[in-house]
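The structure appears right after this line, and notes come after that.
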Ligand code: HEM
């Protein structure tokens, strides 16, 4: 899509610099001239929203770090200090804790968007896998961050999650002791979690660069799921078209974000995390952050520890194989009547698992979690491969311009004209 | 694009799984205890602010009753004069601070007790948790953040409504505290509390009518005391609530206008692209 840049800086100094490091051309090619399919809908704005959230997390996080103390006797108190004494400290902390949730809201929408429109299919496999890696890093970052305020859920959540590693045959206990830096979650654990929580977001930023790079090589998918054939007819330049649309979407998302920060800042948290960590008292229910709940439900649905941990990691790892599990030649669910039904069933399955992850692991909840876990894996391993064979897709428009034409019932105009 | 049929089918499947899960889980647990009553709080909602007179009464209840057992050690005494709080004057807070005895060292390095300053934190009552538990059976928790550290489950689907504008409900903590203090409903079992998880509480019924003197004519009843002290504890846990809600309003107004402007700019730019 993006060949060698034709960008020429206006000033002599700019041309001097550009011939030595063509960074302006790179930026111009990626965010100004870059052709975007003209039929993108607002589900495509979540990439911009995610970039905004990453920056928001890094900025609020760095300022929080200036007031936070990673030491078991002082961590909880330092967070209370931030909330009470630091100027705008309450804002920083609520923006950061709710920012993590908003980040996950956005990434889930972004991923389901990809699932619906088949954005993982050739030639976008590497792009998709880089996305899965970002998602994994986000999960790790969120988990590490949640231990930092050193409340009861921080401590017991960290204990439960790190205990997964004891399920590894033979070396499990040794690995877990090594992770903890001791024989239980304690001060060394908090210290290293803090160091890693600071590090991982910058690794995310690095993978995001690769993700965007891969995107700009293969180009964006679009609701019609057909490739760009004619750049003039099928696309519009990134600036001003996508820039203004994405800006509007980001500000709308900020309204949601602001609502959570200012009016329901503790809604997504757990009350127990306002109790300082106490290794001697286990909370009645240990519940992870909401964004892990579907996986937590899968973990507890399997009766054996090793099985549960394997299923849980498998449920994420399987996403990386999606490009090869889906055998259909048609990308977009708009033209796949059966896939569309299963897609929505899968969305509800994930929501259901999320609900069950927050319930006690007993009785009917366990039965339901098992059914939904079976459906979760069945969707990838059975339904997707078979659908490609048995489903009859609807006719796909020949070009993006045709898709826009069919939708508007009018002529496609070229903005450049 | 998204067919109605496919959504309704999926909804039906998941509704069936949900009800299966819920009904059998309820059968297992044998139902829940009573949920706290949802009280009216001045600090609820988008425009909520603390009722200064109520916070002052609540502090009085805390000081005369609860502080015998419960510390408030994350607050400084001077916080009582902070903006958005109970609104005591600097002078009142100074006098009040002087009534507390604070552990310190003199300039020879010897441990002493001295009268407090507004910059001192409310003193700890027990040296540590074990000492507190030895006296009371169980350690009375510090009350600084208790209003955010207690909650109760509203169940599906109400918990989803609790985050929505207009019906947002964030006052689980104060409602629970209010209910707890009124929950000693079995006169023959002093440890029985209707709202405490497990119903057996180590805290003896702390409040009775006419126990604390109110000078503003408010009723001297357990009901009123518990409501006032719960509001006070909410302030203690969330002292920046007023600033937060005020800032939020400005932020939302700004964002809505900004979004509106961007929307029309977007429309104009895209007008020639379709
Ligand atoms: C991918 C981006 C990030 C995510 C998803 C994330 C997530 C989180 C979460 C969930 C918490 C717990 C919040 C709470 O319950 O109080 C937290 C706390 C914290 N994070 Fe991050 N974080 C990110 C980036 C950063 C960065 C870049 C820094 C520092 C440079 C940072 C520094 C901190 C600090 C100091 C805390 C403890 C203070 C507190 O608990 O409020 N975070 N983070």
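How many residues, within the stretch A:60-69, are part of a helix (DSSP H, G or I) and more than 8 Å from the ligand (Cβ to nearest atom)? Count: 1.
Name every residue in the stretch B:119-150 that is within 12 Å of chain A (Cβ to nearest Cβ), surrounded by 18 or more Cβ atoms within 10 Å (Cβ to Cβ) and in contact with a strand residue (DSSP E or B) (Cβ under 8 Å, 6 or more places away or on another chain), in order of residue number.
Listed by number, the list holds a single entry, B:121.
The set of residues in the stretch A:70-121 being part of a loop (DSSP other than H, G, I, E, B) and either within 11 Å of the ligand (Cβ to nearest atom) or within 11 Å of chain B (Cβ to nearest Cβ) (or both) consists of A:70, A:85, A:86, A:87, A:88. Tell me which residues, restricted to the stretch B:204-252, are without any contact (Cβ under 8 Å) to a residue 60 or more places away in the chain and within 17 Å of residue A:91 (Cβ to Cβ). Within the stretch B:204-252, B:244, B:246, B:247, B:250, B:251, B:252 meet the criteria.
Screening residue A:240 with (1) closer than 30 Å to residue A:34 by Cα; (2) touching a residue at least 12 places away in the same chain (Cβ under 8 Å); (3) over 20 Å from the mean Cα position of the chain (by Cα) gives one miss only, at (2).
When B:147, B:132 are screened for being under 28 Å from residue B:94 (Cα atoms) and assigned to a helix (DSSP H, G or I), only B:147 passes. Would you check if residue A:52 is within 12 Å of chain B (Cβ to nearest Cβ), touching a helix residue (DSSP H, G or I) at 6+ places or on another chain (Cβ under 9 Å) and within 14 Å of the ligand (Cβ to nearest atom)? Taking the combined requirement at face value, the residue does not satisfy it.
Determine whether residue A:367 is more than 24 Å from the chain's Cα centre (by Cα) and at the interface with chain B (Cβ under 10 Å from one of its Cβ atoms). Working first, answer last.
Numbers: more than 24 Å from the chain's Cα centre (by Cα): yes; at the interface with chain B (Cβ under 10 Å from one of its Cβ atoms): yes.
In short, yes.
Within 16 Å of the ligand (Cβ to nearest atom), at pLDDT below 95 and either under 19 Å from the mean Cα position of the chain (by Cα) or crowded, with 21+ Cβ neighbours inside 10 Å (or both): is that true of residue A:288 in this structure? Yes; evaluated as a whole, the condition is true for this residue. Contact map, the stretch A:193-212: first residue away from chain B (no Cβ under 14 Å), second residue within 11 Å of the ligand (Cβ to nearest atom) and outside any helix (DSSP H, G or I), Cβ cut-off under 9 Å, separation 6 or more or different chains; pairs are A:193/A:70; A:193/A:148; A:194/A:68; A:194/A:70; A:194/A:148; A:195/A:70; A:197/A:148. Among the criteria (1) within 14 Å of another protein chain (Cβ to nearest Cβ); (2) within 22 Å of residue A:132 (Cβ to Cβ); (3) surrounded by fewer than 19 Cβ atoms within 10 Å (Cβ to Cβ), the one residue A:314 does not fulfil is (1). Of the residues making up the stretch A:122-156, those that are under 23 Å from residue A:89 (Cβ atoms) and outside any loop (DSSP other than H, G, I, E, B) number 11. Entry remark, the stretch A:179-222: residues being touching a helix residue (DSSP H, G or I) at 6+ places or on another chain (Cβ under 9 Å), within 15 Å of the ligand (Cβ to nearest atom) and over 30 Å from residue A:278 (Cβ atoms) number 7 in total. Residues satisfying the criterion are present in the stretch A:31-46 (criterion: assigned to a helix (DSSP H, G or I) and within 16 Å of the ligand (Cβ to nearest atom)).
Residues checked against (1) buried (at least 18 other Cβ atoms within 10 Å of the Cβ); (2) more than 25 Å from the chain's Cα centre (by Cα); (3) more than 8 Å from chain B (Cβ to nearest Cβ); (4) at positive phi:
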| residue | (1), (2), (3), (4) |
| --- | --- |
| A:333 | yes, no, yes, no |
| A:340 | yes, no, no, no |
| A:347 | no, no, no, no |
| A:353 | yes, no, yes, no |
| A:390 | no, yes, yes, no |
| A:398 | no, yes, yes, no |
| A:407 | no, yes, yes, no |
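The residues of the stretch A:167-204 that are surrounded by fewer than 15 Cβ atoms within 10 Å (Cβ to Cβ) and within 30 Å of residue A:44 (Cα to Cα), listed by number, are A:199, A:202.
The values are calculated or read from the model by the stated rules, or taken from the named source; none is laboratory data. A quick note: this is a predicted structure, and the numbers were derived from the prediction, not measured. Note: ideal-geometry Cβ built from the backbone for every residue, glycine included; neighbour counts use all protein chains shown.
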